[in-house]
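What follows is a single structure, written as structure tokens, with notes after it.
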Amino acid sequence: MSSGGHGSATDRRLNALFRHLSSSARMDPQQLNSIAASPTSANQNDSVFSHVVRAPEDPILGVTVAYNKDPSPLKLNLGVGAYRTEEGKPLVLNVVRKAEQQLVNDRSRVKEYLPIVGLAEFNKLSAKLILGADSPAIRENRVTTVQCLSGTGSLRVGAEFLARHYHQRTIYIPQPTWGNHPKVFTLAGLSVKSYRYYDPATRGLNFQGLLEDLGSAPAGAIVLLHACAHNPTGVDPTLQQWERIRQLMRSKGLLPFFDSAYQGFASGSLDSDAQSVRMFVADGGECFIAQSYAKNLGLYGERVGALSIVCKTADVAGRVESQVKLVIRPMYSNPPIHGASIVAAILRDRDLFNEWTFELKAMADRIISMRQKLFDALRARGTPGDWSHIIKQIGMFTFTGLNPQQVAFMTKDYHIYMTSDGRISMAGLSSKTVPHLADAIHAAVTLVS
Amino acid sequence: MASTMLSIASATPSASLSMHEKLKGKVKLGSTTNSTAGFIKTKSFGRVSMVAAVNVSRFEGVTMAPPDPILGVSEAFKADTDEKKLNLGVGAYRTEELQPYVLDVVKKAENLMLERGENKEYLPIEGLAAFNKVTAELLFGADNSVLKEQRVATVQGLSGTGSLRLAAALIERYFPGAKVLISSPTWGNHKNIFNDARVPWSEYRYYDPKTVGLDFEGMIADIKAAPGGSFILLHGCAHNPTGIDPTPEQWEKIADVIQEKNHIPFFDVAYQGFASGSLDNDASSVRLFATRGMELLVAQSYSKNLGLYAERIGAMNVVCSSSDLAARVKSQLKRLARPMYSNPPVHGARIVANVVGNPALFDEWKAEMEMMAGRIKNVRQKLFDSLSAKDKSGKDWSFILRQIGMFSFTGLNKAQSDNMTNKWHVYMTKDGRISLAGLSLAKCEYLADAIIDSYHNVS
């Protein structure tokens, strides 16, 4: 029927159309015979993609999409964890601007491909940052550190390596956890199980449940641990609890995979926020660590992070690194240079590093003060419930305990944008906007169940 | 803490025996006991009891992977101390002084960006909107109907590799069982990308060693023989590694057979502007297919043409038959990117958007690109002249002039390529590919000597 090269799939669809037309209309057979699929017709039935459905927006990043569409002047974006100043503006740290100026002024700089494992100096400095400059693991060359695309990329590359080379392909993730975790691990080829973590009754840690669940995990299983400032709950184990977790995990040979996205951002101290990781490394055991500089250096869009794998021996670390390279090369070949160069410039320079620690503390302090203000505002309104978890939780996020219906209400009536699990980003709050949020929470709690 | 454990371990002979068993490879992984409470708890799991202090790595069985065949060449080059050494491995442009080159327009763009003091917020998963707009326009032409009708899903990707990987992931998920046909030979990393994405692939004939040209009949036959609905990976211009491109007439025939078999064209465009010096000419193959109303995939890279290698900037474009489809495909590409790296890096995207979006910078870019492509053409000529003058065998070296782009497929085999490296300190890939971008006029004679020796004296 048709001219020029249409395959059978197209013919089938045309035949169906033909039958439909000839049965439903009094069309002239001559006209029907002249129906042919024009190559330029935008007929969805002819598309090879016709079976592709529209995916929903990412639940976290989609919040910002919805926020951007809202014309209300009262709108508040408490969705994605990006720091905002008291004026509600994004912040580029002074040390970052200084480092960037240095980079641009340096005429010897080139844009040649980095090695597959990334910028060597960045890798060394990142390992020192998380493990401590005097870490025996580093001294003994037992750590391989590979530059990756922020936290997500580090998690994905580490998980892909494990799916290929580790005999245990199950990873235990805390309940709840960052929404992207299960997808990262599943696509990497691991199967995902969860361990109890958050206790809604206390809005704190379900420590017993955690110990029971990890205790019944198969020997050698991988366990995802948030190094500090658990996302989304803000609930962290105490140091004593960390020690017990470590003992349990080592007794079962469970492999720790740390997600460290907030070092320095949680308490304001880089060393304090690394204690959980360092505790595990100190016992000589192996672990994986995904580091992100998105929040603590405000380098969100530059996608800078590192995957460190602490191994038993230097020889193993060398072999592991060679295999990690095989994961990276077919994914993106080698990592982007800009963000890593900024980080290296800051970490290697004592003055810039010190300046950074001050800026970091200022950000952490502002968030802590927002916690206090929100807590006070809810108490002042007599909002029903115990809101002390707001000041007990740590890091960028508060797990409010609000349910999806209450969240939807707050979005609709108060233009508050947040994830439906009740998580709010304290970093998105200011003294000016706390009252509006408190009003919204108060209304949600009293009017919606 | 560690010293406590060690002293406990040495006090229990049974513990060290079990360690020995473990080392004999009886078990992949047992369990470890580790206690700082001052006693050892040994757990038996049927075969092995373990003491933590001296236990073996979980990754003891991991073998050392070989170095990357392309990127590994540069590493070997760096280690070579001979002053005559020449790096013709990776395709990165070098000046006549054999120095890396940062384009002037790139420096200008970066200065502008710094002056503006832009923020570093997360990009959307699909990347920088301004970048996505200009990259599609650059590829298809701003007036192209595919753009006017909004039928293209464009997603910023991590240069060419990352864009190809996104597409591979899309194919794996939405076209299960569909094969990708890749040229024989092709860029070494193509098969790794499809392997890791679990997309089956097979080869179509491409390079004809007898003519050092295109095996067109073989190519058409193999594309025809593939199961309908296969993805056909095509190099938009400047085929890597051979430098051999189809003629416009041959492109038409390739399009014919692809349409006939309901295959899906999948372009890898890593050298737009770099091959002929003209951005539009180098996009003509892609535009030919788009004009026919075909649905197609196109991966783009700005590594070479804007010298942005390390910034990892590229894009995946999917041309669909309707704008609604394009929106749906875009949403699914996002869903694949999010668990890989969440959102792409901003710096390189801003540079491209600034250069391509600013008429003055865009013109300057075109001039710099012509200069780079021109230098490579000059080097080709000089190499050809040197070979013709020095080689008395009468071998026809004119393929060097006919090939296009950064690379030349010399026809040297692995042993001959090894000779190039071992005897002459010329670093290249084992498939006989040399990067002319790494060659200076000054070194052409030396290279000619090396090639002639390797070709005639080694088998």
Practice item. Could you please find all residues in the range B:397-412 being touching a residue at least 40 places away in the same chain (Cβ under 8 Å) and open to solvent by 30 Å² or more (accessible area, probe 1.4 Å)? Key: B:402, B:404, B:411
Check your understanding: Which condition breaks for residue B:211 when tested against (1) under 18 Å from residue B:167 (Cβ atoms); (2) surrounded by fewer than 22 Cβ atoms within 10 Å (Cβ to Cβ)?
Key -> (1)
Review point. Just checking, how many residues over the range B:125-165 are crowded, with 24+ Cβ neighbours inside 10 Å, within 13 Å of chain A (Cβ to nearest Cβ) and among the polar types (S, T, N, Q)?
Key: 4
Exercise for review: Would you tally the residues in the range A:159-180 being more than 27 Å from residue A:419 (Cα to Cα), more than 10 Å from chain B (Cβ to nearest Cβ) and in contact with a Phe, Trp or Tyr (Cβ under 9 Å, 6 or more places away or on another chain)?
Suggested key: 1
Review point. Which residue pairs have Cβ atoms under 7 Å apart, sit 6 or more places apart or on different chains, and have a first residue in the range A:188-215 that is under 18 Å from residue A:389 (Cβ atoms) and a second that is among the aliphatic types (A, V, I, L, M) and crowded, with 16+ Cβ neighbours inside 10 Å?
Key: A:196/A:210; A:197/A:205; A:197/A:210; A:198/A:235; A:199/A:205; A:204/A:235; A:205/A:235
Check your understanding: Hey, any hits in the range B:64-84 for a residue that's within 26 Å of residue B:283 (Cβ to Cβ), more than 10 Å from chain A (Cβ to nearest Cβ) and either modelled with pLDDT under 95 or open to solvent by less than 40 Å² (accessible area, probe 1.4 Å) (or both)?
Key -> no
Check your understanding: Looking at A:183, A:128, which is the one that is farther than 28 Å from residue B:91 by Cβ and more than 11 Å from chain B (Cβ to nearest Cβ)?
Key -> A:128
Review point. Residue check: is residue B:76 aliphatic (A, V, I, L, M) and under 30 Å from residue A:91 (Cα atoms)?
Key: no
Revision key, fill the gap. When every residue in the range B:166-192 that is out of contact with any strand residue (DSSP E or B) (no Cβ under 8 Å at 6 or more places or on another chain) and open to solvent by 10 Å² or more (accessible area, probe 1.4 Å) is compared, the one nearest to residue B:336 (Cα to Cα) is B:169
Practice item. Having 1 or more residues that are in contact (Cβ under 8 Å) with a residue 60 or more places away in the chain and within 22 Å of residue A:205 (Cβ to Cβ) is the bar; report the strands (runs of 3 or more DSSP E) wholly within the range A:218-320 that clear it. Key: A:222-226, A:255-260, A:287-292
Review point. How about the range B:362-459: which helices (runs of 4 or more DSSP H) wholly inside it have at least 1 residues that are within 21 Å of residue B:282 (Cα to Cα) and either among the small types (Gly, Ala, Ser) or at pLDDT below 95 (or both)?
Key: B:399-402
Exercise for review: Could you grab me the full set of residues in the range A:126-162 that are surrounded by fewer than 22 Cβ atoms within 10 Å (Cβ to Cβ) and not polar (S, T, N, Q)?
Suggested key: A:128, A:132, A:133, A:134, A:136, A:138, A:139, A:140
Review point. Do we have residue B:167 as over 30 Å from residue B:399 (Cβ atoms) and in the same structural domain as residue B:308 (by TED's automatic domain parsing) here?
Key: yes
Exercise for review: May I ask you to say which residue of A:103, A:17, A:21 is modelled with pLDDT under 80, open to solvent by less than 70 Å² (accessible area, probe 1.4 Å) and part of a helix (DSSP H, G or I)?
Suggested key: A:21
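The values are calculated or read from the model by the stated rules, or taken from the named source; none is laboratory data. Here the structure is a predicted model, which means the values were calculated and not measured. Every residue, glycine among them, receives a Cβ derived from its backbone with ideal geometry; neighbour counts consider all protein chains shown. Each accessible area value is taken on the protein alone, full model and side chains, heavy atoms only, with ligands, DNA and RNA left out. Shrake-Rupley method; radii C 1.70, N 1.55, O 1.52, S 1.80 Å.
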